[in-house]
Amino acid sequence: MNVPEAPPVPDVFDPRRYAAAVPYDDYRVLRDHHPVAWQDEPEVLGWPAGPGFWAVTRHADVVRVLKDSGTYSSHLGATQIRDPDPADLPFIRRMMLNQDPPQHGRLRRLVSRAFTPKRVDRFAEVARERAHALFTDALEAAREGDGTADLVATVTDEYALLNLTDLLGVPEGDRRILLRWTQRVIGYQDPDEAGPRVLDRAGRPVNPRSPAMLQDMFAYARQLAAYKRRYPADDVMTALAHDAELTGAELEMFFFLLTVAGNDTVRSAAPGGLLALAEHPQEYERLREGKVRMDTAVDELLRRHPPVLTFRRTAAQDTELAGRKIRAGDKVVVFHASANHDERVFTDPDRLDLARTPNPHVSFGDGPHVCLGAHFARLQLRQLYEEALDALPSPDLAGPAERLVSNFINGVKSLPMRLT
């Protein structure tokens, strides 16, 4: 009996592929035939080649890697696919995202004291009013123009940014700076987002997470913390600035993490959710008619469009995963978007089902590094979508969405819609 050969391993590394679409068909090939598959890491868009990595695409294996920080370390090589410059690694390891227990737990507990559900919930009404105002302005601009609006430029970018800066306590005049920092760090693979590329003396691009590229952000964090000590308010930066257990360097890193991760989680998820609703009018109508709970819908939209595509770990010891031998020091990259479409866990995963339950998606990760701001993100998305139901009786795409060039963030740069 002839056993059919497994199809070749598809490339899911090249960030340019994601500008067209998330490669779900290739993810399925990997899940079915190569659940832990070696990926080459060639030079792309001027960024140097790397040693390659293991791509983990099944839900069970992704969860296993995320929960087992003893075997799969966030600290050894940090959490981006690209290897940082060895000289930058000690600096990058100071961030909570790039630490393992028990050090990670200490920092998480400290920031959790400031990032409380009570403080977050206080923003619920503010977020709703903001979403209503942004949709109203977008509708008015569309009426005065050609009847269309880019909901990323007019609604979701502003919504995510202003909610975050309210929570942090950033003065109104400084808020645009945070968006520019986010674009520089998150969109570094996309020539349209990253801005002018900074090169080192050898002509190589400088990592936007390196100390040299973050000095302006850290200087601002120090100034803002000093201001909050003098003029305290009910916001996260005031709480962090008055926490005696936090060192100055730790506070700077928290500001970086909250600014970038806190902004881009909603900035990526919100337009992705609106796009999915526009592409599935019957599901949208079910939601408008109250046949589906909004909380359930939010999680299904997050499953459908996770804000983060991948996260990297480094094997701390020789191990085995899905029958593949992994050596200590190998890069192991989990693919959230693939895990969220795993047929072994989700019935008919390609179908948008706003009533789907249970829904164990990994869009906010799992294990010790599960997203600290998940509650805040869900709150914002819920308020935004509820206002969309009133503002957009029948969302109608006016053209294709434009996606970010990135194998890390599931970004939508433009979402043109006809507004009536």
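The values are calculated or read from the model by the stated rules, or taken from the named source; none is laboratory data. Note that the coordinates shown come from a computational prediction; the quantities given were computed from them, not determined experimentally. Counting neighbours? That spans all protein chains shown, and the Cβs are built from the backbone with ideal geometry, glycine included. SASA here: full protein model, heavy atoms, side chains in, ligands and nucleic acids out. Shrake-Rupley method; radii C 1.70, N 1.55, O 1.52, S 1.80 Å.
Brief remarks on what is shown
Here is a yes/no grid of residues against (1) within 21 Å of the chain's Cα centre (by Cα); (2) in a helix (DSSP H, G or I); (3) not hydroxyl-bearing (Ser, Thr, Tyr):
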position: Glu5; (1), (2), (3): no, no, yes
position: Ala21; (1), (2), (3): yes, no, yes
position: Arg28; (1), (2), (3): no, yes, yes
position: Ala49; (1), (2), (3): no, no, yes
position: Val62; (1), (2), (3): yes, yes, yes
position: Leu66; (1), (2), (3): yes, yes, yes
position: Leu76; (1), (2), (3): no, no, yes
position: Asp85; (1), (2), (3): no, no, yes
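- Extreme residue, farthest from the chain's Cα centre (by Cα), among residues of region 51-60 that are surrounded by 19 or more Cβ atoms within 10 Å (Cβ to Cβ) and assigned to a loop (DSSP other than H, G, I, E, B): Arg58
- When Met294 is tested against (1) buried (at least 20 other Cβ atoms within 10 Å of the Cβ); (2) at pLDDT 95 or above, just one condition goes unmet, and that condition is (1).
- Residue within region 34-44 that is at pLDDT below 95 and not in a helix (DSSP H, G or I) present: yes
- Positions within region 278-295 being in a helix (DSSP H, G or I) and not small (Gly, Ala, Ser), in sequence order: Glu279, Pro281, Gln282, Glu283, Tyr284, Glu285, Arg286, Leu287, Arg288, Met294, Asp295
- Of the criteria (1) closer than 30 Å to Val198 by Cβ; (2) among the charged types (D, E, K, R); (3) in contact (Cβ under 8 Å) with a residue 24 or more places away in the chain, which one Arg28 fails: (1)
- Of all residues making up region 216-268, the number that are within 28 Å of Ser406 (Cα to Cα) and either hydroxyl-bearing (Ser, Thr, Tyr) or not in a helix (DSSP H, G or I) (or both): 4
- Top-ranked residue of region 93-103 - restricted to ones that are in contact (Cβ under 8 Å) with a residue 40 or more places away in the chain and surrounded by fewer than 19 Cβ atoms within 10 Å (Cβ to Cβ), ranked as nearest to the chain's Cα centre (by Cα): Arg94
- Filter result for Ala160 (of a type in the set (Gly, Ala, Ser), touching a residue at least 60 places away in the same chain (Cβ under 8 Å) and outside any helix (DSSP H, G or I)): no
- Where Thr71 falls short, out of the listed (1) touching a strand residue (DSSP E or B) at 6+ places or on another chain (Cβ under 6 Å); (2) surrounded by 22 or more Cβ atoms within 10 Å (Cβ to Cβ); (3) more than 28 Å from Leu214 (Cβ to Cβ): (2)
- Qualifying residue in region 194-202 (condition: aliphatic (A, V, I, L, M) and touching a helix residue (DSSP H, G or I) at 6+ places or on another chain (Cβ under 9 Å)): yes
- Complete set of residues in region 228-243 that are surrounded by fewer than 20 Cβ atoms within 10 Å (Cβ to Cβ) and either without any contact (Cβ under 8 Å) to a residue 24 or more places away in the chain or over 12 Å from Val170 (Cα atoms) (or both): Arg229, Arg230, Tyr231, Pro232, His242, Asp243
- Filtered residue count, region 320-347, keeping only those that are in contact (Cβ under 8 Å) with a residue 12 or more places away in the chain and under 19 Å from Asn359 (Cα atoms): 13
- Number of the condition not met by Val9 [criteria: (1) farther than 21 Å from Val334 by Cβ; (2) open to solvent by 10 Å² or more (accessible area, probe 1.4 Å)]: (1)
- Residue count for region 322-362, restricted to those that are among the hydrophobic types (A, V, I, L, M, F, W, C) and over 20 Å from Pro307 (Cβ atoms): 5
- A count restricted to region 167-192 and to residues that are of a type in the set (D, E, K, R), outside any loop (DSSP other than H, G, I, E, B) and open to solvent by less than 40 Å² (accessible area, probe 1.4 Å) stands at 1.
Per-residue answers, yes or no, for (1) touching a Ser or Thr at 6+ places or on another chain (Cβ under 6 Å); (2) among the polar types (S, T, N, Q); (3) without any contact (Cβ under 8 Å) to a residue 60 or more places away in the chain:
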{"residue": "Trp54", "(1), (2), (3)": "no, no, no"}
{"residue": "Thr57", "(1), (2), (3)": "yes, yes, no"}
{"residue": "Phe91", "(1), (2), (3)": "no, no, no"}
{"residue": "Arg109", "(1), (2), (3)": "no, no, yes"}
{"residue": "Ser112", "(1), (2), (3)": "no, yes, no"}
{"residue": "Pro117", "(1), (2), (3)": "no, no, no"}
{"residue": "Phe135", "(1), (2), (3)": "no, no, no"}
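- Subset of region 104-129 that is of a type in the set (D, E, K, R) and open to solvent by less than 80 Å² (accessible area, probe 1.4 Å) - its residue that is farthest from Val370 (Cα to Cα): Arg128
- Residue count for region 106-136 satisfying the condition of being in contact with a helix residue (DSSP H, G or I) (Cβ under 8 Å, 6 or more places away or on another chain) and either among the charged types (D, E, K, R) or within 13 Å of Gln380 (Cβ to Cβ) (or both): 13.
- Any hit, region 244-258, residues being more than 23 Å from Thr156 (Cα to Cα), β-branched (Val, Ile, Thr), at pLDDT below 95 and open to solvent by 20 Å² or more (accessible area, probe 1.4 Å): yes
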